[in-house]
Structure formats: structure tokens, C-alpha cells
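The values are calculated or read from the model by the stated rules, or taken from the named source; none is laboratory data. Just so it is clear, the structure is predicted and the values come from calculations on it, not from any experiment. When we count neighbours, we look across all protein chains shown, and the Cβ atoms used for this are built from the backbone with ideal geometry, even at glycine.
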Amino acid sequence: MIHDDIAGFLAALPASRALIGLDLGEKTIGVAVSDRLLSTASALETIRRRKFTLDAARLAEIAAAREIGGVVLGLPVNMDGTEGVRCQKTRAFARNLLPLLKLPITFWDERLSTVAAERALLEADMTRKRRAEVIDHVAAAYILQGLLDRIGHMRQENER
């Protein structure tokens, strides 16, 4: 099921399963994964987009190997908060992915995630070539970490 609210997504997640975060681009898909405690995101890989079926098959392989319990897709909301064509494409990708992965899916506002990832890579004094190789999956980690931080805050609020 696709969830627009984080609480519904969290309720649908199986216990002790990691999440996969995706930064969906025109040419690549950045992939990150969380730990099973849903506290830390780690950049994993960048998939070069070819055909949906091939891309989805690679995501299914990762999900199975890492025992993934849910999917977080970066939603490219415009700076003014509106949703444009890129958001529509991302939501369509989620609808097409759902029957193949059979995992709960949610979205996370990805505004400025690539900018933050680029800044972190520059601070790490990474070469331009190396930054280009890793930027997409580092951005996916920023997206996923944003959601994980929100989940952590929600859990703290529930404990009070």
C-alpha cells in the first residue's frame, strides 16, 4: 500500500525490518538502506536506469537480500510546495513498483537533499569524478535519514 502519511506507513511496517530509500532521477536511481532499528541510513548504490522492469528487478534483489520492510521514495516537490511533473512521475513509479515489491511505500520531501549531499561530499574533499559517482545514493541516504529522524521523533512523542 502507498501511504502519504508517515504514521500509516509506520503502522504497516513489519517489525525488525530495514527500509530502502530511493532518489529517483531521469538517468539513475540512488539507493540507500537503513538498519533494522530504523535509526541510521547508509548510502548503498546507484542504479543506471534502463527499463522499468530491469530497474524494478534490481530493487527487488536488494529488498530480498537486505530483508527490506518498506520503501521511501524522495518526492521532488517544487520549492513553493507544489507538485509538478517530476512528482507525478515519482508517484507513477511507486504505483508500478508496489505490485512487484509488495511492500509499504511512502514519500519524503526531497527538496535540497542533493544540495546537502553535494555539500557533504565537498567537505569530504572528494574529487569531482568521485562525487558524480556517489551523489545519487548519498542523496538517497539524506532522504531516508530525514524519514528515520521523523520516525524517531514520533516514537519519542508516543513514549511521553
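Restricting the stretch 76-102 to residues that are surrounded by 17 or more Cβ atoms within 10 Å (Cβ to Cβ) and among the aliphatic types (A, V, I, L, M) leaves a set whose member that is modelled with the lowest pLDDT is VAL77. Checking each residue in the stretch 29-86 for being under 21 Å from GLY152 (Cα atoms) and part of a loop (DSSP other than H, G, I, E, B) picks out ASP35, ARG36, LEU37, LEU38, SER39, THR40, GLU67. Please tell me if ILE2 is touching a helix residue (DSSP H, G or I) at 6+ places or on another chain (Cβ under 6 Å) and touching a residue at least 40 places away in the same chain (Cβ under 8 Å). Yes, satisfied.
If you go through the stretch 38-75, how many residues are more than 28 Å from ALA11 (Cα to Cα), surrounded by 16 or more Cβ atoms within 10 Å (Cβ to Cβ) and without any contact (Cβ under 8 Å) to a residue 40 or more places away in the chain? Within the stretch 38-75, residues that are more than 28 Å from ALA11 (Cα to Cα), surrounded by 16 or more Cβ atoms within 10 Å (Cβ to Cβ) and without any contact (Cβ under 8 Å) to a residue 40 or more places away in the chain number 1. Considering each residue of the stretch 141-151 in turn, none proves to be of a type in the set (Val, Ile, Thr) and either surrounded by fewer than 14 Cβ atoms within 10 Å (Cβ to Cβ) or modelled with pLDDT under 75 (or both). Which ones in the stretch 1-37 are surrounded by fewer than 13 Cβ atoms within 10 Å (Cβ to Cβ) and among the basic types (Lys, Arg)? LYS27 - this is the single residue of the stretch 1-37 that is surrounded by fewer than 13 Cβ atoms within 10 Å (Cβ to Cβ) and among the basic types (Lys, Arg). Out of ASP4, ASP80, one residue alone is acidic (Asp, Glu) and either under 17 Å from ILE143 (Cα atoms) or touching a strand residue (DSSP E or B) at 6+ places or on another chain (Cβ under 7 Å) (or both). It is ASP4.
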